[in-house]
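Structure, as structure tokens:
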Amino acid sequence: MPKSPLFLHLVVVVLVAGWGVASSATLTPERQRELIHLLRQDCGACHGMRLKGGLGPALVPERLRSFSTEQLAATILNGRPGTPMPPWSPFLSQQEANWLAERLKQGDVP
Ligand code: HEC
């Protein structure tokens with residue numbers, strides 16, 4: 001197989017796609033449903049039932065795309081000391097916080 005730029009490009013695409021599948025596959029569909037429920041009920045209590053804002057700011061892609069997934073996940077896990085935003089680390093793993101952050105950034109909250 002010649003190591004052409006196209007070939008290398010394909011290798012990168014396949015690796016990235018495979019990683020994405022592997023990282024989301026470890027959250028079961030049931031846990032994903034629970035997390036969406038948490039987002040709507042618990043986060044929605046402050047951020048609005050439709051996440052358009054309330055006591056907390058709107059969690060919509062237009063606002064969140066300026067943050068990285070890691071930054072948003074850190075806010076979710078640690079909260080914002082001195083504000084009403086509580087830490088969710090007792091309830092969520094790092095991976096689950098990343099998953100929620102990605103959903104919010106993409107506006108993919110069914
Ligand atoms: C008790 C109210 C409350 C609850 C419950 C709550 N938040 Fe927040 N959240 C806030 C407030 C207030 C802020 C703004 C903090 C600040 O002023 O920086 C915030 C900020 C955030 C931010 C940063 C957004 C930004 O633009 O700075 C994210 C992301 C976030 N919350 C996600 C969540 C998620 C996900 C949940 C549920 C797991 C949740 N929040 C539950 C009150 C809440």
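The values are calculated or read from the model by the stated rules, or taken from the named source; none is laboratory data. This structure is a prediction, so every number in the text was calculated from the model and none was measured. Ideal geometry is used to build each Cβ from the backbone, glycine not excepted, and the neighbour counts take in all protein chains shown. For accessibility, only protein heavy atoms count, side chains too; no ligands or nucleic acids. Shrake-Rupley method; radii C 1.70, N 1.55, O 1.52, S 1.80 Å.
Under 6 Å by Cβ, and 6 or more places apart or on different chains, what pairs join a residue from the range 23-37 that is open to solvent by less than 80 Å² (accessible area, probe 1.4 Å) with one that is modelled with pLDDT under 95 and in a loop (DSSP other than H, G, I, E, B)?
Cβ pairs passing all conditions: none.
Kindly evaluate Arg40 against the criterion of being assigned to a helix (DSSP H, G or I), open to solvent by less than 70 Å² (accessible area, probe 1.4 Å), closer than 19 Å to Pro110 by Cα and out of contact with any Lys or Arg (no Cβ under 8 Å at 6 or more places or on another chain).
So Arg40 fits the description; yes.
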